[in-house]
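Just below is one structure, and these are the notes that go with it.
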Amino acid sequence: PRNVTRGADGALTVAGLGVRDIAAEFGTPVYVLDEDDLRSRCRDFQAAFPDEDIYYAGKAFLCRAVVRMIAEEGMFLDVCSGGELAVALAGGMPPERIGFHGNNKSVAELTRALDVGVGRIIVDSFHEIDRLTALARERGVRPRVLIRVTVGVEAHTHEFIATAHEDQKFGFSLAGGAALSAALRVLDEGVLELRGLHSHIGSQIFDTSGFEVSARRVLALQAQIRDARGVELPELDLGGGFGIAYTSQDDPAAPHDLAKRLRKIVDSECAAERLATPHLSIEPGRAIVGPAVFTLYEVGTVKDVDGIRTYVSVDGGMSDNIRTALYDASYSATLASRGSVAGPMLARVVGKHCESGDIVVKDEFLPADVQPGDLVAVPGTGAYCRSMASNYNHVPRPGVVAVRNGRARLIVRPETEEDLLALDVG
Ligand code: LLP
């Protein structure tokens, strides 16, 4: 996070508060959110996209306090389940600033979205169009919808592939004509208000040319819709997926550069298709919250294995960060509770779970004198760590502490053994 430095004693401080104090007060493991960092990333995106709507993708991490921060910063919010919608509303996000995603929204979820009046629903299948149309008719309301288009662009971290067909569960296929049919069905039925098209091409993307191909394809569809029905859709959402630096090897684009490139391609494509430029929106999740958080762990054991590698076991693991095991993701780690003049030692930071794949950081140089009782920080854990956390091995999920101006407050309390037992009814 932006407000992390080392104090005179060599220990990390965040927004002026030492990590040893945080650990003493809240225990470990704990997710530590640098609140000003998160807010500054919202502001960076808003400065870069002043005329666009920025929907924070709540799936990256959501709790009431973060909803409040996002709302205070004037952002919009993307939710993709009834649970996320409930948190968004509980956190005070105005419903008209909420966008509702998902490839299998239930009748109950759609009903709630209509009843609270979310700003837009991103429809993902013909069944959903029919379901939502029926619900809207019953209620005499006219919800605003976007059509999620599968544009045949698959973005990976450092590359993208553009194909004619994309075999995946989300959205309406562009190549197969489903996207055009969906738009025409919504327009012809006239019950839902079709505001525009939506495309999301992947996550942790560095190569922005994927966005360019996707914008081009989706605007070509926009022109087809105009040609077929004489309607120019006023909005376009290009999704999220902007990459962040997990290690020093990653070099993400600044929001400002992203904005410039996206706008340029949209403008030139609209000119080519003789379309008025639609109102743009984007949905960054990881880029807002990912870098603003680090996980603070305590070291329990240090084990040299046959001189090959040193395993540093911490008091959490794959239950609070599944991304290394699931995606082979790269993280870094640093000795947080003190400085050290010891030489570097190649370490693997592992968790406490009953699984050898329970790795938090695959390879990291830690000081050779790292020992039980030391605190280790793993940065960049704001996105898809707490939100994907589990209770594997009946390990309670850690809490989240927000730090600002030298003060820490708990915004998600850590789970207890009582919480784990609370659901057992037999
Ligand atoms: N919009 C839509 C429609 C999405 O599906 C997603 C992410 C986003 C926005 C936000 O993407 P972001 O800016 O955060 O990359 N669990 C995976 C990531 C899954 C992303 C799913 N959709 C991970 O840990 O890397």
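Please treat every number below as a calculation from the coordinates, not as lab data. Treat the numbers as computed from the prediction; the structure is a model and nothing was measured. Neighbour counts are summed over all protein chains in view; Cβ atoms, including those assigned to glycine, are modelled from backbone coordinates with ideal geometry.
Results, tabulated for the structure shown:
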{"read-out": "27 Å Cα cut-off, lysine pairs counted over the range 35-289 (separation 8 or more, or different chains)", "value": "4"}
{"read-out": "Sequence of Y327, Y55, Y311 once ranked by neighbouring C-beta atoms within 10 Å, starting from the fewest", "value": "Y327, Y311, Y55"}
{"read-out": "Alpha-carbon Debye profile of the range 371-418, log10 I(q)/I(0) at 0.27 Å⁻¹", "value": "-1.18"}
{"read-out": "Percent of Cα pairs exceeding the 22 Å cut-off, where the set is the range 149-232", "value": "27 percent"}
{"read-out": "Label-point separation in nm, E138 to A228, each point 7 Å along Cα→Cβ", "value": "2.8 nm"}
{"read-out": "Formal net charge of residues neighbouring D374 (Cβ-Cβ distance under 12 Å; K, R +1; D, E -1)", "value": "-1"}
{"read-out": "Size of the range 35-289 as Cα extents on the principal axes (Å, biggest first)", "value": "51, 43, 31"}
{"read-out": "Förster radius 25 Å - calculated FRET efficiency between H279 and N103, Cβ distance, rounded to 0.05", "value": "0.50"}
{"read-out": "Ranking of D328, D207 by count of other Cβ atoms within 10 Å, fewest first", "value": "D328, D207"}
{"read-out": "Assigned charges on the beta-carbon of Lys, Arg, Asp, Glu; the range 35-289 dipole about Cα centre (debye)", "value": "580 debye"}
{"read-out": "Cα radius of gyration and Dmax for the range 15-57 (Å)", "value": "15.1, 44"}
{"read-out": "Sorted by Cβ neighbour density within 10 Å, fewest at the top, the residues L326, L296", "value": "L326, L296"}
{"read-out": "Gain in span if fully extended, I308 to L346, counting 0.36 nm per residue against the direct Cα distance", "value": "12.8 nm"}
{"read-out": "Whole-number D in µm²/s for the chain (Stokes-Einstein; Kirkwood sum over Cα pairs; 4 °C, 1.567 mPa s)", "value": "57 µm²/s"}
{"read-out": "Sites matching GluC sites (Glu not before Pro) across the range 35-96 that sit in DSSP coil, with at most 16 neighbouring C-beta atoms within 10 Å", "value": "none"}
